Each structure stands twice: as C-alpha cells, then as structure tokens.
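Colleague: Below is the structure I would like to discuss, written out as structure tokens.
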Amino acid sequence: MKKLAFSAAILALTAGAAFADGHGRTIRMGTEGAYPPYNFINDDGEVDGFERVLGDELCARAGLTCEWVTNDWDSIIPNLTSGNYDTIIAGMSITDERDEVIDFTQDYIPPTPSIYVALSDDVDLATGVIAAQANTIQSGYIAESGATLLEYATPDETVAAVRNGEADAVFADIDFLTDITDEDAELMVVGDPVPLGGGVGMGLRETDGELREMFNAAITSMKEDGTLNALLVEWFGDDVPTYE
C-alpha cells in the first residue's frame with residue numbers, strides 16, 4: 001500500500017474544499033494497472049498509485065462516487081468510447097491525434113520528457129532496435145526516427161526486451177524508467193531526454209462535456225490549494241515539474 005497513508009493525510013487537510021456537483025453519481029474510472037508509479041495493482045489486488053489517489057480525490061471534490069476498472073492499454077480508448085467506463089486516467093499524454101477521438105481534461109501532470117534505457121552506453125539509438133509500448137507517443141516517435149521499432153503490449157515487456165537482448169534500448173516516460181533503473185544497476189539511462197506530448201490528462205467521451213468540466217474544476221482546485229503539487233512530489237520525487 002505504497003504511500004497511501006501519507007497521501008490520505010495530505011488530502012484530509014483539504015476535505016472542506018469538496019464541492020457536490022456530481023450529487024453522488026457513480027463514475028467508472030478506467031486505468032491500465034500496469035504502469036507504476038502512475039497506476040499499478042497492489043498486493044491486495046487493488047488499483048493503486050498516484051492516479052488512484054488523485055482520481056479518488058477528484059471524485060470526492062466533484063461529489064462523485066468512483067469505481068475503478070482495469071483495461072489493457074492497446075484497447076483503452078475503444079473501450080472508453082464504447083461505454084465500458086467513463087474516464088481514462090492512465091498516464092495518457094494529451095496529443096492532437098488522440099484529441100480527434102476523445103476529449104481531455106486539463107493536464108494533471110505537466111509535460112515531462114521521455115528517455116532511453118539500455119544495458120550499455122554505446123548503443124546506437126539512431127538506427128538500433130528500440131522497444132516501446134504500442135499505441136504510445138513513444139512508439140510513434142520511434143516509428144518516425146529511423147530506428148527499428150519493436151512494440152509490446154505492456155511496459156514491463158519493453159524492459160524485458162532489453163534485458164533479454166531483443167532490443168538495444170527501451171524508450172518510455174522518465175518517471176516509469178527511472179524507478180526501474182533505481183532498482184536494477186545493470187540498466188542505465190542513455191542519450192538525451194526527449195520532450196513529448198502536452199502533459200497527462202483524463203480522457204473522456206466527446207459527448208461527456210459536463211463531466212469533463214466537473215473534473216476540470218476539481219483539478220483546478222487541487223492546483224490552487226497546492227495538494228496536486230504535493231502528490232506529484234510524493235510519488236515522483238523532488239525533480240518532478242510542478243504547477244506554479
């Protein structure tokens with residue numbers, strides 16, 4: 001139950017800031033459950049991570065009841081648009097291409113760079129074999145870079161591809177990969193960080209404008225009272241970009 005106790009203490013201080021626009025409406029929150037520290041499944045089999053804590057607080061402030069649903073990343077947008085859940089809160093970067101299919105709230109994580117991780121610092125990132133999770137901004141970048149792209153369904157598979165020699169490097173969000181390099185001394189950051197995307201936001205159906213504005217108001221309130229910055233630092237460290 002990593003960090004949940006401290007998160008609860010932070011958010012309890014702002015309980016009085018809640019507003020009740022949602023009148024208790026139940027909202028199904030769709031996430032991947034496989035991308036720590038954004039979201040993951042804990043030892044009790046429950047959705048956990050930064051986005052679980054954030055999502056529960058946003059629902060509380062909006063007067064909504066949250067139910068958490070997990071879905072594989074490669075079908076996470078189609079299952080939103082088909083009505084299997086009401087939001088995507090899964091480390092999804094805001095991009096123009098995705099915005100043509102779904103709507104986004106304002107960002108709740110500022111734009112952060114993506115990085116390469118490999119077993120050696122002499123890998124050829126320009127023309128080598130690079131692993132990335134399918135249907136991400138990272139896989140799109142590699143596909144246009146001149147390198148050979150290997151796509152995988154889950155983020156863990158991209159790292160495994162480097163460890164077992166299928167790929168020269170993996171390319172993913174800095175927050176995901178630095179947690180891994182901190183625990184595995186054989187893996188190292190190589191090359192320069194690459195800025196991608198317009199921050200991370202919640203995805204919603206284009207027909208759910210009222211719900212989007214309710215979440216936007218809740219995100220704004222967390223930015224204004226400082227609790228969003230506190231959560232970002234707690235889960236991602238002191239070097240994470242925050243909101244002024």
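Colleague: Can you tell me the accessible area per residue over the chain, all protein chains present, probe 1.4 angstrom, in square angstrom?
Modeller: Roughly 44 Å² per residue, with all protein chains present.
Colleague: I've got another one for you. Taking the alpha-carbon set of region 81-130, what are its Rg and Dmax in Å?
Modeller: Here Rg and the maximum Cα pair distance are 16.4, 47 Å.
Colleague: Out of all DSSP beta bridges with both ends in region 113-195, state the antiparallel percent to the nearest 5.
Modeller: Close to 60 percent.
Colleague: If you take the square roots of the eigenvalues of the alpha-carbon gyration tensor of region 23-79 and sort them as a ≥ b ≥ c, do you get rounded (a/c under 1.5), prolate (a/b over b/c) or oblate?
Modeller: Note, shape of region 23-79 comes out oblate.
Colleague: Ok, one more. Using θ = phi - 60° and the Karplus relation 6.51 cos²θ - 1.76 cosθ + 1.60, list the HN-Hα couplings for region 105-121 in order, rounded to whole Hz, with x at every Gly or Pro.
Modeller: Each residue of region 105-121 in turn: 6, 4, 6, 10, 10, x, x, 10, x, 9, 9, 9, 10, 8, 8, 8, 8 Hz.
Colleague: For region 155-198, what number results from the quotient of the Cα radius of gyration and 2.2 N^0.38 Å?
Modeller: Cα-based Rg divided by the globular estimate yields 1.14.
Colleague: Sticking with this one: Between rounded, prolate and oblate, where does region 55-160 land on the alpha carbon gyration tensor, with a ≥ b ≥ c its root eigenvalues, rounded for a/c under 1.5, else prolate if a/b exceeds b/c?
Modeller: Since a/c reaches 1.5 and a/b is larger than b/c, the shape of region 55-160 is classed as prolate.
Colleague: Okay, next question. For the pair residue 67/residue 220, report the inter-label distance in nm, with labels modelled 7 Å from Cα in the Cβ direction.
Modeller: Computed distance between label sites residue 67 and residue 220 equals 3.0 nm.
Colleague: Determine the distance separating the Cα centre of region 87-149 from the Cα centre of region 182-244; give it in Å without decimals.
Modeller: Taking the Cα centre of each part, region 87-149 and region 182-244 sit 15 Å apart.
Colleague: For the chain, what proportion of DSSP beta bridges, expressed in % and rounded to the nearest 5, is antiparallel?
Modeller: Close to 60 percent.
Colleague: Let me ask something else. How many Å³ per residue does the convex hull of the Cα positions in region 163-244 occupy?
Modeller: Convex hull volume per residue, Cα atoms: 145 Å³.
Colleague: Compute the convex hull volume of the Cα atoms of the chain, divide it by the residue count, and report the result per residue in Å³ as a whole number.
Modeller: Convex hull of Cα atoms, per residue: 120 Å³.
Colleague: Got the relative contact order for region 124-168 handy, in percent, Cα pairs under 8 Å and 6 or more residues apart? Could you put the intermediate results ahead of the total?
Modeller: Values: 67 pairs, mean separation 20.4, N = 45.
Dividing the mean separation by the residue count of region 124-168 yields 45 percent.
Colleague: In terms of the Cα gyration tensor, with a ≥ b ≥ c the square roots of its eigenvalues, is region 41-115 rounded because a/c is under 1.5, prolate because a/b exceeds b/c, or oblate?
Modeller: It comes out rounded by the Cα gyration axes.
Colleague: So for the chain, averaging the separation of alpha carbon pairs under 8 Å that are six or more residues apart and normalising by length, what relative contact order in percent results?
Modeller: Details: 461 pairs, mean separation 61.6, N = 244.
RCO, the chain: 25 percent.
Colleague: Given a cut-off of under 8 Å on Cα pairs at least six residues apart, what relative contact order in percent is computed for region 113-195?
Modeller: 48 percent
Colleague: Let me know the Kirkwood hydrodynamic radius for region 113-195, please, with Cα pairs as the basis and the value in Å to one decimal.
Modeller: Over region 113-195, the inverse of the mean reciprocal pair distance is 12.1 Å.
The values are calculated or read from the model by the stated rules, or taken from the named source; none is laboratory data. Computed from a predicted structure; not experimentally measured. Here the Cβ is made from the backbone with ideal geometry for all residues, glycine too, and neighbour counts use every protein chain on show. With ligands, DNA and RNA removed, areas are computed over all heavy atoms of the protein, side chains included. Shrake-Rupley method; radii C 1.70, N 1.55, O 1.52, S 1.80 Å.
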